[in-house]
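Engineer: This is the structure I have questions about; it appears just below.
The values are calculated or read from the model by the stated rules, or taken from the named source; none is laboratory data. Remember, it's a predicted structure, so these values are computed and weren't measured experimentally. Here Cβ is always computed from backbone atoms with ideal geometry, including for glycine, and neighbour counts include all displayed protein chains.
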Amino acid sequence: MPQAQLAMSRPIIHHRTEEFKELLLETRRYLQEIFKTENDIVILASSGTGAMEAAVCNLLCSEDHALAIVAGKFGQRWVEICRAHAIACIPLCKESGQAASAEEICDALGRQSQIRSILIQGCETSTATSHDLERIARLVGEKFPEVFIVVDAITSLLTQPMETDRWGLDIVIGGSQKAFGLPPGLAFLSLSPRVIEKIQSNLSRPYYFDLLQELRQQRKGQSTFTPAISLITGLNETTREILRQGPDRVVADANLMARCTRQGLSKLGFKLLSSSPATALTAAFPPQGVSATDLVNKLEKEFGIKVAGGQGELKNKIVRIAHLGYFDLVDVFSVLSAIELCLFKMGVKVELGDSVRAAMLEATGTKDPIFT
């Protein structure tokens, strides 16, 4: 967002000064409000994957077992991180576009009594699939209160409800490049008191990603190592703006954009991938006979519009359209219009204007036609 861009263009302040101390402490407080938590927040100079790895190798050691919910590429990443650190990880695998239910997760925990942590995505970005974190956390908390719940919320923060404290989520991970509207390079984690206690007992913590050491420093407004100063300055601005708008309003806007996008794409003959569609982004199969890759390339070449393709087994099969960050409803109408025109030029029979009309009807809550 423009405020963050301007903030990041200012001269870099030194990170061992009172000015930076106040900036970091204030930014951590803003993040606590957005995460809806009183838990400590740690900000790392890394991508979101770095925070995922930090969560795993601080919380778990070789004697521990974890349950990874694998609903796509990023769920599989939990498994790969655990393997890299010789941590036993049991995957609960779902078909592309399918979410794991609270009951399935509890069944898996019941069968594997040695599991002490669940690793899950709030939104599996590769398939645009959302997990019902509230129900999962409530049921796991009732039946297996000793199990830690670790959430990769990099895409789901500010796009779907996230009640860290009320739901009892032990670690929640966010990243700068998604709904926070910043360049990549920052990741942040909320750490519950019982997670901190568990980390203290782990004698095999990493060096750079030692969350306990980082936590001690950041409570004082410092960082253990040189921080990404310009990005933290930008994060301070963007979190301030998010709080001005209201996090719930930001979530509601993403929800509206997602609903309108789904309605518009359906009108054009697209088929949604997910049975539990996320609000951070929409993933859909193009109409029969249309190459997803060709459509993605044509959108960028002719209109400068970037949408994503599929990953892994879904490569060249789907398109993914984001609804998070510096976007609004007008962008949805623009993307749908461009898709219509591309399909028309590709020889697909479409009624021009139908997708935008469907999106507008959804936006206004109107069931009967509003155009004559």
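Engineer: What number of residues in the range 50-75 are within 24 Å of Pro184 (Cβ to Cβ) and free of Cβ contacts under 8 Å to residues at least 40 places away in the same chain?
Structural biologist: 1
Engineer: Another question, if that's okay. So Thr224 ticks every box in (1) more than 25 Å from Arg116 (Cα to Cα); (2) in contact (Cβ under 8 Å) with a residue 24 or more places away in the chain but one. Which box is left unticked?
Structural biologist: The single condition Thr224 does not satisfy is (2).
Engineer: May I pose another question? Under the condition of being of a type in the set (S, T, N, Q) and either in contact with a strand residue (DSSP E or B) (Cβ under 9 Å, 6 or more places away or on another chain) or surrounded by fewer than 20 Cβ atoms within 10 Å (Cβ to Cβ) (or both), which residue from the range 237-262 is farthest from Ser355 (Cα to Cα)?
Structural biologist: It comes out as Gln245.
Engineer: Shifting gears a bit: With the requirement that a residue be in contact (Cβ under 8 Å) with a residue 40 or more places away in the chain and either over 30 Å from Glu237 (Cβ atoms) or not assigned by TED's automatic domain parsing to the domain that holds Val296 (or both), what does the range 320-356 give you?
Structural biologist: Once the filter is applied, which keeps residues that are in contact (Cβ under 8 Å) with a residue 40 or more places away in the chain and either over 30 Å from Glu237 (Cβ atoms) or not assigned by TED's automatic domain parsing to the domain that holds Val296 (or both), the range 320-356 yields Leu336, Ile339, Glu340, Cys342, Leu343, Lys345, Met346, Val348, Val350, Asp354, Ser355, Val356.
Engineer: Take the residues in the range 85-131 that are more than 19 Å from Asp170 (Cα to Cα) and touching a His at 6+ places or on another chain (Cβ under 6 Å), then tell me which one is surrounded by the most Cβ atoms within 10 Å (Cβ to Cβ).
Structural biologist: Checking each candidate, the answer is Ala99.
Engineer: Select from the range 59-84 the residues that are among the aliphatic types (A, V, I, L, M) and in a helix (DSSP H, G or I) and write down the one among them that is surrounded by the fewest Cβ atoms within 10 Å (Cβ to Cβ).
Structural biologist: Checked the range 59-84; the qualifying residue surrounded by the fewest Cβ atoms within 10 Å (Cβ to Cβ) is Ala84.
Engineer: Quick test for you: out of Phe327, Phe285, pick the one residue that is touching a strand residue (DSSP E or B) at 6+ places or on another chain (Cβ under 8 Å), surrounded by 17 or more Cβ atoms within 10 Å (Cβ to Cβ) and of a type in the set (Phe, Trp, Tyr).
Structural biologist: Selected residue: Phe285, the only one of Phe327, Phe285 that is touching a strand residue (DSSP E or B) at 6+ places or on another chain (Cβ under 8 Å), surrounded by 17 or more Cβ atoms within 10 Å (Cβ to Cβ) and of a type in the set (Phe, Trp, Tyr).
Engineer: In this structure, does Phe344 turn out to be more than 30 Å from Pro184 (Cα to Cα), part of a helix (DSSP H, G or I) and not polar (S, T, N, Q)?
Structural biologist: yes
Engineer: Looking at Val42, Val56, which is the one that is β-branched (Val, Ile, Thr), closer than 30 Å to Ala86 by Cα and part of a helix (DSSP H, G or I)?
Structural biologist: The match here is Val56.
Engineer: Filtering the range 307-321 down to residues that are modelled with pLDDT under 95 and among the charged types (D, E, K, R), which residue is farthest from Thr282 (Cα to Cα)?
Structural biologist: Residue satisfying both the conditions and the ranking: Glu313.
Engineer: Any idea which of Thr366, Thr279 is crowded, with 20+ Cβ neighbours inside 10 Å and either free of Cβ contacts under 8 Å to residues at least 12 places away in the same chain or assigned by TED's automatic domain parsing to the domain that holds Val251 (or both)?
Structural biologist: Only one candidate qualifies: Thr279.
Engineer: So if I check each of Leu336, Leu324, which one is under 16 Å from Cys260 (Cα atoms), at pLDDT below 95 and touching a helix residue (DSSP H, G or I) at 6+ places or on another chain (Cβ under 7 Å)?
Structural biologist: Leu324
Engineer: Moving on to the next point. What helices (runs of 4 or more DSSP H) completely inside the range 190-281 contain at least 2 residues that are at pLDDT 95 or above, within 30 Å of Gln3 (Cβ to Cβ) and of a type in the set (Gly, Ala, Ser)?
Structural biologist: 229-245, 247-267
Engineer: Related question: Confirm whether Phe188 is aromatic (Phe, Trp, Tyr) and in contact with a strand residue (DSSP E or B) (Cβ under 6 Å, 6 or more places away or on another chain).
Structural biologist: Yes; evaluated as a whole, the condition is true for this residue.
Engineer: Scan the range 2-22 for residues that are touching a helix residue (DSSP H, G or I) at 6+ places or on another chain (Cβ under 6 Å) and of a type in the set (A, V, I, L, M) and jot them down.
Structural biologist: Ala4, Ala7, Met8, Ile12, Ile13, listed by residue number.
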